[in-house]
Structures are given as structure tokens and as C-alpha cells.
Amino acid sequence: MTAQDLAQDNRLGEKKWRRRSLWALLVLIPLTLAVEAYDSVKALLVDNDLFERRVAWGESAHFGGSDWKLTDLRGAFGMKNLPPGTVPVLADFAVTVGNPDLQNLWLGCKVMLIDAEGRRWLPTSAVRLNAPDNVQTCISAIFSGAKTGDVLNLRETFLVPKDVTNTIRPAVGVGSERPYFLLFQMEKD
Amino acid sequence: MRRLANLVLLLVAVALCYGLQMSKPHYADLIGPIPVRGKVGDVVVGRSFEVRVEKVQFARKLRADRYGETKVLTTGGVWALVTVEFAARDASTVVSTASWRGPTRLTYDHTERLSFINNGFLPVTVDPGLQKKARLVFEVRPEEVGNATVLISSKLLAALDSQAEISIGPVAASSDGMPAGTVDTLDLTQPVDGLPK
Amino acid sequence: MLADFTKPLGLTFRLWWRFWPQLVAMVLLGIVGGDLFMQIAARTAFVNHMAGLALLTLVALTQLIVTVAMFQMLLPALPAIRAAQEAARGQTSGETGAETSSGASRLARMVSVALLPFFAYYAAWGFLGDTVRQYSRVTLDMAPFGEGAGNVLDVLDSRWLIFSVVISWLVRRLAQAMQKRGGAKSFWQIVVVICETNWIFVGLYVISRWKDDIVGWIMSRNIFPTLQAAAHGVANPVSTAFADPMVPVEVTSIDTSTKLIALFFFMLLPVIWLVMTALIYGYDVRDDKGLLRVHERVERLGARYRTIPKFMRDFVEHFISGYRSRYLPIANGVRITLSSGVVLMLTLIVGYRLIDWLAAWAWLGMTRIIGPHDLDTWQVLSEGVSLLFGSAFQDSSTGILVEPLRICFLAAILETAFALPKRRAVEIAQPAGPAGAAQDA
Amino acid sequence: MLESARSRLKAWAAAGIGTAAAIAVAGVLGAFEARHAQVPVLAPANPIETGQWLLQPVKAYVSSEKYIYGTLRKPGAKALVFELDMTNRTATSTKDYFELLQANQPTIDPATKPYIVLTRDGTLSPELHPGMTERMAYIWDLPDGAAVPASLDLNVMSKIYKQRDNLYGLPGWFNPSAIGTLDVPVGPAPDNAEGQP
């Protein structure tokens, strides 16, 4: 009899533990995933431009310690020696330097064009256009030794298909601000 | 009788285990590239870029410009020249590695002897919506030419990224062992896309 | 004969169905705990390599506690194993009360009694190497350019390691003394366990490395290459001849004997795990009287042993006494294993390897279902896949879909093995009796 | 009580001596390990099989040219050149030959890294492809004013193939070890000064 009672006891205990474990799984599975994936998620966020911050036309935005303003976005039509159906696009920014530690704040600086479908173009090296002396690229500006209050003129050159010129918007991402990036709106938006 | 049955069972188990041991994927397989297969002429769509093989040529020698001087490059095997057209998909990207995998799975990496040419050869920068032609150049043993596969990926050791695997199909061999249609010299001095430099 | 094959499979799934929430929860606890301790150990290693290695003990300990606990959970559903345990405990005393004692003290008892022999065995078979491998990877990840830390495992070659062993041995003595004095008994019990695992971990791992050195040294003598070359020629008549279609040296350099040895160990590993299972369940089977009586010669040896001067005996016992009682269960485990029949053994080997194989293919299948992504994204995704099917490195099978199944399978095989001789005895007594079928009800 | 204490003391002493002996034995074994390295002498006329490579020594000479196979020398400086035919025996293209030959020469600092050049066109350390024999030149810069050595003494190294390494479980070539020494007589520089760009 006692043995049977014992068996019944054990059986009940097991049921209880089964129920408890099921509830525990609800906590443990997300917890384990969080603990295991913490470093990877952090790396994913720090390395990629994922979430946009929109900047209205004509306005400037504080980003990576400085104030960024889109001054111009235009196509350089009529150039020779380019594949048919393509057009070079120039994006000009005026950046007022706030924190001059650009080598850290602007690390991995990436200027791109994003179209309506979310496709991204990086600056090209296939097209070289003459530019005034005071114009720099984002990367060269990092090493320019700019001080607080300086205004940097940045220009990046892209090569895009002709049919996307109406929908492309310039965007900027820097290491210190990722996963956020600036997406500049145009006048007509 | 029972002993014999046991012995047979043991042998079956050993064979099964050998099969399991041989066919079990390991770390290198688990994190290896994910193949996207196609053949010559197909547009093979990978994650970051798409590629189409236009033509495959074979040559004994290559002529190329090096710092303004024309060089002729010889090889111990045969030059395989694959003309491809790339396009990026969602974002501008760089295609930087290619290799030629022969029928016996010997793998011939893209040659490093043409690294002085910086346009139309690997690494190639490609942008969304813009087709770009390039030449892939391999040095291979002549018998590794037929039924080969050209593997193209954006970077070396691209873990769990897509890799275009384009099968070349059979190539007839001529009497001297070289693939049929092998030319003596191929000229690489002209840009692949026909545009002036 | 077919029953030997189908019964453990059926039982595996019944066990899994009955206990999966507990088992999965346990695996998850093991993953979180192990990961935590691994991080602590790796970070400590940057300060002091020796301390890092000592803390690594906790990782191994976590893994083993989880494994042992999972096996213990299945016990209520394993009547034949429980019957064997009861029998070993001795019906005369009838101490079923121990079963119902509080959970914490049961765990402490289980850990202290069942874990250590299991751990020693685990270490002796080189499974600790996996933990050390994970440790090297984690520390390497933390210092990608090798700055600061260097090779954290260099301490393994240091003779100073002896001090680490001595310290943990001294702490263990202290803890034992404190335990005797009373007070926080279970706390001191845990300290004892950690110290013992530490010195087993460090000691056995280092010995296994030095053993490799010694074997390597013997191999490097002049006699050996000659023998090896001869064996090579016999086993590989083809590769020494030059074949025209080029066969890469990766294929030819792995000769038949290497392949055979690899296959042998591939098939041996499941058997070792079965013995370890037997060890976990059979922790009460520690009486060496039965084994001593097996051979009269051994008995005589025992008598002669008693004539050795006491101080020598103390010395020997100091090193061996614990292990005599620890390795006896292994001897018993081997006995069980060998007597359980060819079909059951082969079911074990193939089944165990099949689980392993399916897990690997499931991992690969998941990568194809998820498809290509950039590396950063896949780093995150791979954590999820690893949670399901175990690490891609395949040196610790802790996937929540794989590990419970593996444990259930091993327990089911052992249960079948324990049930077998009894069934046969019943069959002999009453030839037509369906007693065997009634047993697994 | 006293008896027991003395016995325990003796046990401790025995344990101490035992441990010391074990450490001593390990130490002695370690010392043996260091001393036993005795490798065979390889004949320069015969092909040499290392793990990944098949080597056929061709010639060794000292050159005072400005350019040797495209590598630049300071005016008046000399270089020791060793030419050999190398065949990649593995399944993939590789340039794992930097540790293959180690100069054992008093005139060359063993830490000096040689230039390794493809003699066909002077490409600096290119990948060599499976089953394709190429003539390569190892070029060591000689220190200023060093005497011309009569022979080049080399250690030939080999690696072994592992299907899975200990750390990550990836296949590869590991554990370099010397398979022999090679003594090549240093001849006069060839007249046809090839390799200028």
C-alpha cells in the first residue's frame, strides 16, 4: 500500500514539475536567446545603418557631434564615356563641426543614395569630376583636422540608373550613431 | 547460426556508421556558402549580386597591358577566360572572389598574375540597376576544363552568404589534350565593356 | 530479437513525451549557466591564466550537473533500473525513505556521489577537451589580435599548475573539516565538490596532454617510422603509386588505418556514453566484495596487499582509495553493457550516431530554409539555430531538440539492458509466459 | 595515535618524493624532446615530397643584378637565388610555401624572409594551382659585403593535413615539421639575366 501511495506521490510531484517546467520555458527560452545573442545583436546594431532619421529639406541635423545640412543634389547629365542609361549624381553637404574628434565620431562614415524601393548606392570611383579645392569627401574630412565651428563642404559622387533619379535621397551614417542614419528629404517631399 | 546473424548485423552496423560518419556535415559545411546554381547564359540571382556568364574562352597565352607595356603571359596549363555581367541587387557591393572547380573537385582560384589590371577584373564594384561586365581568368589543368563549375562570391570565406555556381557543361578536347577552340593568344588590352578607358 | 531493437526506440519517445518540458528547461539552464561561467572564466583569464583555468572548472561542472540531473529526472519511468538500484541498496535496510528526502539535499547527495566518478570518466575520455576548446575560442574572440592575453592555455604546460592542484586540494581538506564540524553542511559539500572537480579537471587534462607528449616522444624514436612506413605500405598500396588523374593529397594523406581508427572511436563513443549512464544510475553499486570474489587471484592479491607496510598503504590509498570505489561502477557498467546483447548494442551505436547525424543535417537544412544573409545577421540567426540543434562547432550537443532526445535514448537503452536478463530468466522459468511484455506497461 | 601520525608523515614524504620524481621524469622527457631532432639529408637531384608540395630543386646561384625576376636590389647588393619546380599536390590553389624552405646559412639571417617569385613573369608570391608545376625562385638578400657561400643549406618543412582542426573544426594544413635538410651547391650566375621588367 505504502509503495503505491509513494508512486502516486511521485506521479503527482512529476505532474507539478512538468507544469512548472512548461511555465519556466516561457521565461527560459527568451532569456537564453537574449543571453546567447546579446553580443551578436550588439554587433549587428553597431555595424549597420538600420533606422532612418528624416531631415526635412533645408534643415540641418545634429549627427556624430556635428550639424549636417544637405545643400545640393543634382545629376551631371551629358557626360561621355559612361554606360548607356546611367547618370552621375553629386550630393553636397555643409557640415558645421561641433565635436572635433572626427576620427572617432565619424569612423566608418558612409554616404549613400537610397531610392524609393530602399536600394542603396555607394560613391563611385568610375566618374571623376572636377571640384573646387575646398570640397572634401566624408573620409578625407576625418583627417582634415577641422576644429569646432569650421564648416566643411563635403561632396560625394555616385553613378545611378537614369530612372531612379527622381526618387533617390541622400543618406549619411557614421560609426558613433549606428544603427541610426540620416535620410535627407528633398524640397518636393 | 545465431553467431553468423550477429556478425552480419555487426557488419551492417559498421557500414551504416561509416556512412553516417562520412556524410555528417561539419562546421565547414554548416557555415559554408549557400549555392545558387545556374548554367552559362542564365541570370543567377544571389543575395547581394546577380551574374550572367556570357561566354567561356580558352587560350594558351594572354596579352595584357602592364604599366603601359604589353606583356604576354604564358601558363603551364590553359587559360580559361569567363566573360560575365554583374549587377548589384539591394545595395552597391564588391564581388571579389571566383574560382574554377573542375570535375574532380580540384579548385582553381582566380589568377593573381593579372592583379596589375584594375578595371574589368576582380574585385569588381557593382551598383544596383547598373550592369557591369568583367572578365574572370583562371589557370587550369586542361583535363579540369570539361564539366567544371565557376564559383563566384562577394568575398572569401563568405559564411552563409550566397555563392553563384555556374556549370560550364562539357567541353570537347582536341587531339593535343587542350580544350576544343583553344586560341593561341587572347587579347586583354581592350576593355571588356567596349567603353574607352 | 526484434524487440531489442524496437523496445528502446519506443521507450525513448515515451520518455521524451513524458519529460520533455523538464528536460528542455534543464538544457536551457545549462546553456545560460555554462555561458555565464565561460564569460567569467575568459575575462578572468585576461588577468591571470591560471585563475581562468580554475574557473573553467565551473563550466565543466555545470555541464555535468545538467547531464546528471536530466538522467535523474527520467528515473521514475525506468522500473528496471530502479529495481536494480533497490536491490543494490539492500532490501534488508529498506531505506526507501531516502527517495522522499528534500530536493536540495537529494541534489547535493546526487552531485557529490554520482557526479565525481562520472566526471573522472568524462575527463579520462577527453570530453573536457571540448570545454577547453570553447574556452580558447571565447578568449580568442575577446582579443582578436591576441593582444594582452596571448595563449591562455600556456599554463597547461607550466609546472606551476601543480600549485593550483595543491591549493584546491588544501581547500578541499579545509571544507571537509568544516563539514565535519557541522554548520552549513551543504555549502561545504559544494566547496568540496568544486575543489575535487577542479583538481580532476586540471589534473586529468594536463596528464592527458603530457601523455600525448610522451606518446609523441615514443613515436619519434627511430623504430617507429620504419614500422609506420611498413604499415603505410600495406594499408595504402595505391597512394604510394603515382596515379595520372591528379588525386589531391588531402584524400591520399588520410590512410586506411587512420580511417579505421576514427571509425572505431566513432562507434565506441556511444558505448562510453552508455557506461557513463550506467555510472550515473548505478552510483549505489559501490561494493567491491562481489568483484573481488570474481577471481581468487585478485582475492589473494588483496591479502598480500594487506601485508604492505601501513605507510605505503596509506600512500597508495591516498591516491587510489577514492578511485577504487569510483571505478567499480565502471566495471559493473561494462558488465551490464557487454551482457546486454549484440542487437541492443548495435541499436545503441547506430541510434546514437543517427541522432547526431540528424542534428547536423537539421542545422544545415535550417541554413537553407533561412537562406543567405550578411554575416552580422547570420551571427544573430545562428544563435537561434544553435539553440535548437546545438552548436555549429559540434563539440557540445546542447540543442534543446537534440540533447533531451539523446538523454532519453541512452536511458531507454540502459533500461532495456537492465530489463533483459530478468526477462530471459522469467522466460526460462515459464516458457510461454508473456511476462516480458507486461514489464514495460 | 603517535603510530598513526608517523605513518601519515611517511605517507606525505612518499607523496612528495613521488610527485618530485614525476616532475623530474617529465622534465627529462622534455629535454629528450629537444635533443632528438635528427632529420635525413635529402638529395638535390631527386624530387622531394612534402605534405602539400612536390619539389624538384633546379639550381642555386648568387646574383648581383639590380632586378632578379622583378625584385629590386640596392646598387652593389647581392642575392642568393634558389630556383626549383614546385607542384601543388592539394585540391585547392594555395600559397602556403612561405615556411617551406628555411635557410640554414650562417651568411643569411634565418629571420630574413626571402622573396618568392614566379619565374614565368616575376609575379611576387602568387597562388599555385593544383597539379600545375611552376618554376619558382626563392631570393634571399645577402648582407652587404658577405662572402659568397659555397652551398645553400636548407631545412625542408612539411605540414600534415587535418580534416578538423582542434579549435574550430575546419580542415587545413597544420603542425609544420622538418622532413629533411637539403644542401644545394651554389653555382655561377646564369648569363641570360632574365626577369627585368
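Tabulated results
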{"read-out": "Strands (runs of 3 or more DSSP E) contained in segment A:119-189 and holding at least 2 residues over 17 Å from the mean Cα position of the chain (by Cα) and over 23 Å from A:Glu52 (Cβ atoms)", "value": "A:151-161"}
{"read-out": "Single unsatisfied condition, D:Val184 versus (1) more than 27 Å from D:Leu42 (Cα to Cα); (2) at pLDDT 85 or above", "value": "(1)"}
{"read-out": "Residue selected from segment C:15-36 under the condition within 22 Å of C:Gly52 (Cα to Cα) and buried (at least 21 other Cβ atoms within 10 Å of the Cβ), by the criterion nearest to the other protein chains (Cβ to nearest Cβ)", "value": "C:Ile31"}
{"read-out": "Any hit, segment D:140-163, residues being of a type outside the set (A, V, I, L, M) and closer than 30 Å to B:Leu73 by Cα", "value": "yes"}
{"read-out": "Options D:Val184, D:Val148; residue that is in a strand (DSSP E or B) and aliphatic (A, V, I, L, M)", "value": "D:Val184"}
{"read-out": "Helices (runs of 4 or more DSSP H) enclosed by segment C:308-407 - at least 1 residues per element that are more than 9 Å from every other protein chain (Cβ to nearest Cβ) and modelled with pLDDT of 75 or more", "value": "C:342-370, C:375-389"}
{"read-out": "Which listed residue, of A:Leu70, A:Leu102, A:Leu82, is more than 14 Å from every other protein chain (Cβ to nearest Cβ) and at pLDDT below 90", "value": "A:Leu102"}
{"read-out": "Segment C:16-36, residues that are of a type in the set (A, V, I, L, M, F, W, C) and within 21 Å of the chain's Cα centre (by Cα)", "value": "C:Trp16, C:Leu23, C:Val24, C:Ala25, C:Met26, C:Val27, C:Leu28, C:Leu29, C:Ile31, C:Val32"}
{"read-out": "Which numbered condition B:Glu69 fails, given (1) surrounded by 18 or more Cβ atoms within 10 Å (Cβ to Cβ); (2) within 11 Å of chain D (Cβ to nearest Cβ); (3) of a type in the set (Asp, Glu)", "value": "(1)"}
{"read-out": "First in segment D:163-181 and at the interface with chain B (Cβ under 9 Å from one of its Cβ atoms), second anywhere and hydroxyl-bearing (Ser, Thr, Tyr) and not in a strand (DSSP E or B), Cβ under 9 Å, 6 or more apart", "value": "D:Arg164/B:Tyr27; D:Tyr168/B:Tyr27; D:Gly169/B:Tyr27; D:Leu170/B:Tyr27"}
{"read-out": "Wholly within segment B:1-119, strands (runs of 3 or more DSSP E) carrying at least 1 residues that are under 20 Å from the mean Cα position of the chain (by Cα)", "value": "B:34-39, B:43-45, B:49-66, B:78-88, B:93-95, B:97-101, B:107-109"}
{"read-out": "Matching residues in segment D:105-149 - criterion: being surrounded by fewer than 18 Cβ atoms within 10 Å (Cβ to Cβ), within 14 Å of the chain's Cα centre (by Cα) and either of a type in the set (Lys, Arg) or under 14 Å from D:Ala60 (Cα atoms) (or both)", "value": "D:Lys113"}
{"read-out": "Residue in segment D:98-122 that is nearest to the other protein chains (Cβ to nearest Cβ), counting only those that are among the hydroxyl-bearing types (Ser, Thr, Tyr) and out of contact with any Ser or Thr (no Cβ under 8 Å at 6 or more places or on another chain)", "value": "D:Thr119"}
{"read-out": "Residue among A:Leu44, A:Leu26, A:Leu22, A:Leu31 that alone is of a type outside the set (D, E, K, R) and more than 7 Å from chain C (Cβ to nearest Cβ)", "value": "A:Leu26"}
{"read-out": "A:Phe77 among the aromatic types (Phe, Trp, Tyr), touching a residue at least 24 places away in the same chain (Cβ under 8 Å) and either over 30 Å from C:Thr398 (Cβ atoms) or more than 10 Å from chain C (Cβ to nearest Cβ) (or both)", "value": "no"}
{"read-out": "Within segment A:88-116, tally of residues that are surrounded by fewer than 17 Cβ atoms within 10 Å (Cβ to Cβ) and part of a helix (DSSP H, G or I)", "value": "2"}
{"read-out": "Subset of segment B:133-165 [within 8 Å of another protein chain (Cβ to nearest Cβ) and closer than 30 Å to A:Arg120 by Cα]", "value": "B:Ala158, B:Ala159, B:Leu160, B:Asp161, B:Ser162"}
{"read-out": "Given (1) within 10 Å of another protein chain (Cβ to nearest Cβ); (2) surrounded by fewer than 18 Cβ atoms within 10 Å (Cβ to Cβ), number of the condition B:Asp42 does not satisfy", "value": "(1)"}
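The values are calculated or read from the model by the stated rules, or taken from the named source; none is laboratory data. This is a predicted model, so every value here is computed, not measured. Cβ: placed from backbone, ideal geometry, glycine included. Neighbour counts: every protein chain shown.
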